[in-house]
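Okay, so here's the structure we're looking at.
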Amino acid sequence: MSQPAQKHDVFQAIADPTRREVLKLLAEKELPISEITSHFPMSRTAIAKHLNILSEADLVSGRKVGREKRYRLHPESFSELKDWLSYFEQYWSNKLSMLKHLVEEEDSELKVVKKKDYHHDRTD
């Protein structure tokens, strides 16, 4: 008995830069595959394979409208990714606070140096 094909998870689906770009396009509006394909230097078949992987991860869905298939984003499916990334926000926030502190410290030191130079020039 053959096993069903493994479905792709969200992380596998977004690993490819082409698929990430497809997601950006679909974030704006529902699009037919022909319009999606027009944004990439690859065949319709290649884009269809990318869309299939995104569909298996439940990030997009396709529906027939007349003779064309239109795809749309499923933003709610990004919650797994958001949950995983939220753990790492503490590191980003900490690094950004440290950077802000360093920049502000440098800025205040620069103002002191400029002020000293200004006063020194005036006394000459």
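Below are the figures for this structure:
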| quantity | calculated |
| --- | --- |
| Given (1) surrounded by 10 or more Cβ atoms within 10 Å (Cβ to Cβ); (2) modelled with pLDDT of 80 or more; (3) over 18 Å from the mean Cα position of the chain (by Cα); (4) of a type outside the set (S, T, N, Q), number of the condition Arg67 does not satisfy | (1) |
| Leu81 vs. criteria surrounded by fewer than 17 Cβ atoms within 10 Å (Cβ to Cβ), without any contact (Cβ under 8 Å) to a residue 12 or more places away in the chain and among the hydrophobic types (A, V, I, L, M, F, W, C) | no |
| Number of positions in region 52-74 that are in contact (Cβ under 8 Å) with a residue 24 or more places away in the chain, closer than 15 Å to Thr18 by Cα and either in contact with a Phe, Trp or Tyr (Cβ under 6 Å, 6 or more places away or on another chain) or of a type in the set (Ser, Thr, Tyr) (or both) | 1 |
| Entirely in region 1-73, the helices (runs of 4 or more DSSP H) that have 2 or more residues that are within 23 Å of Asp83 (Cβ to Cβ) | 10-14, 17-28, 44-56 |
| Residue that is modelled with the highest pLDDT [pool: residues in region 87-105 that are surrounded by 10 or more Cβ atoms within 10 Å (Cβ to Cβ) and of a type in the set (Ser, Thr, Tyr)] | Ser97 |
| Check on Ser2, modelled with pLDDT under 85 and over 17 Å from the mean Cα position of the chain (by Cα) | yes |
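The values are calculated or read from the model by the stated rules, or taken from the named source; none is laboratory data. Since we're looking at a predicted model, the values are computed, not measured. With ideal geometry, Cβ positions are generated from the backbone for all residues, glycine too; neighbour counts draw on all protein chains shown.
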